[in-house]
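Questions regarding the structure given below will be posed in turn.
The values are calculated or read from the model by the stated rules, or taken from the named source; none is laboratory data. The structure displayed is predicted, hence computed values, not measured ones. Here the Cβ positions follow ideal geometry from the backbone for every residue, glycine too, while neighbour counts run over all protein chains shown. Heads up: the accessible areas ignore ligands, DNA and RNA and are worked out on the full protein's heavy atoms, side chains in. Shrake-Rupley method; radii C 1.70, N 1.55, O 1.52, S 1.80 Å.
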Amino acid sequence: MMEISEVARNTKLMIDGAPYTVEEVNFVKPGKGRAIYRLKLRNLFDGMAREITYHSGDRVEEVSVTSHEMQFLYEEGGHYVFMDNETFEQHTIDKKRIGPKALFLKEGITVSILIMHGRIIDVNLPKFVELAVTASAFTTKTDTVTAQQKMITLETGATVGVPAFVKEGDIIKVDTRTGTYVERTGTKK
Amino acid sequence: MAEEESARLARIKANLRRRALIHDSIRDFFRGEGFLEVDTPLLTPAVAPEAYIAPFSVNGWYLCPSPEMHMKRLLAGGYGSMFQICHCFRKGERGSLHNPEFTMLEWYRHGANYLGIIEDTERLVLHVAASLGLGTTVGYRGREIALTPPWPRVTVRQAFLSAAGWDPVSHPDEGRFDADLVDRVMPALPADRPAVLADYPAAGAAMARLKAGDPLVAERAEVFIGGLELANAYSELTDAAELEGRFRAEMERRRAEGGPDLPMPRRFLDATASLPVCGGIALGVDRLVMLFCDAASIDEVMAFPRDWA
């Protein structure tokens, strides 16, 4: 256990059975009074934000969460398999646990992985990935597609709205945080 | 010099220059009042036991969390009205308004009570504003604050009844007091005027004497300007036995909170018997500088706050 006064930004805490990262500590204290710590937290499992208020003397449970660079090897039986770039150890994670980010996971890319108690709890993709367009001219009538935009499918199976000039075989850069097109970077030879 | 540090120091240079002017202006004010400037130790064998102030300990001694006890020993020695600007140290206090090492202005006026000390504060703040070339208003965080005295006074009881809906004097509830003070009472204080909260519940008397005729409250007042808790004033308690009883109670509370034991400050208690009637106050100089520099964070008015030290 750790004193609340020792908690700082980026401290990882175990609260109600889930790991959280501390994003902000707001310290308030009347001169003669009890210190109040308002923590802005993010759940490392589901990414949900949460605020909890603690008081001086409260104790919290610190948890060891480490970050590792790993290469995505392949998908097998509903699981993704990664290899630690330093130890060459392999780790697997249930496909469902990765969520929509999996749509941009290309074999061979290096990702940053959070491990707690030997278990993968989060996969952080690079901000941008470059992927090949495998199917284009996919027309749709949804409101999100403007006259200048069309939907294409990428090699990983993700669909992305792109400008009309992007065609099958092009390589495009995608922002993995928003799942949106950034630019065309080349054409597959 | 690292790039980040030099950029930071360049950014706060105007604030630190203004800070120097404010220190000069404070000294100028108290010299004009005939106060003696004193210099008491920062390294001390005992501190005033307080439940929620944690001192740093150094080889069995302590870094001073407040110069109060030494200054009162000087008062007991017949030194008369005095002031001091010094560093104070409080473990674990770190936030946008706190740094574990900070600057305190403390003064004592012989023969005064807490309300007399609040009047000193009104004149001091106006004096500082004038010496910076400001009029009687200061702009802070997008608000114009009129500094003209008298600043509105409200009792703690009234302030809590109207902002939090309960009376902390007749129904003391320490568990709720601090949170409601911060979340309800302080935000309800006037934004365009300094405010004085007076007459704290006896449980929060610290070293203030209880009010004659209303012993449920203490002659303690706090000054708030622009959302900053700026200063804490007392009619000083001169009864050594009562003080020792309060210290024991604070030590019990510390123990209950799991804090380390502190020695009883004997020399101070012995001197209290000779302490003349006086009023005193501790004012956070960094926060005063924040006010006059329109700074949102204490880091903007300190050369090297904790994370840069």
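I'd like to verify a number: residues in the stretch B:238-272 that are away from chain A (no Cβ under 14 Å), of a type in the set (A, V, I, L, M) and without any contact (Cβ under 8 Å) to a residue 40 or more places away in the chain, how many?
Total satisfying the criteria: 4.
Right, here's the next one. Exactly one of these conditions fails for B:Gly92: (1) over 21 Å from the mean Cα position of the chain (by Cα); (2) modelled with pLDDT under 95. Give me its number.
(1)
Under the condition of being under 18 Å from A:Pro100 (Cα atoms) and open to solvent by 70 Å² or more (accessible area, probe 1.4 Å), which residue from the stretch A:59-78 is farthest from the other protein chains (Cβ to nearest Cβ)?
A:Gly77
When the residues of the stretch A:124-168 are narrowed to those that are aromatic (Phe, Trp, Tyr) and modelled with pLDDT of 85 or more, which ends up surrounded by the fewest Cβ atoms within 10 Å (Cβ to Cβ)?
By that ranking, first place goes to A:Phe165.
Within the set of pairs 6 or more residues apart or between chains, which connect a residue that is farther than 12 Å from B:Thr121 by Cα inside the stretch B:210-226 to a residue that is buried (at least 22 other Cβ atoms within 10 Å of the Cβ) and among the polar types (S, T, N, Q) with Cβ atoms less than 6 Å apart?
Filtered contacts from the stretch B:210-226: B:Glu219/B:Ser235.
Across the stretch B:105-138, which residue is farthest from the other protein chains (Cβ to nearest Cβ) among those that are in a strand (DSSP E or B) and open to solvent by 10 Å² or more (accessible area, probe 1.4 Å)?
Among those residues, the one meeting the criterion is B:Thr137.
Output the number of residues of the stretch A:62-112 satisfying the condition of being within 24 Å of A:Gly17 (Cα to Cα) and among the β-branched types (Val, Ile, Thr).
The total comes to 6.
On to the next question. Report yes if some residue within the stretch B:198-221 is within 11 Å of chain A (Cβ to nearest Cβ) and of a type in the set (Asp, Glu); otherwise report no.
Checked the stretch B:198-221: no residue is within 11 Å of chain A (Cβ to nearest Cβ) and of a type in the set (Asp, Glu).
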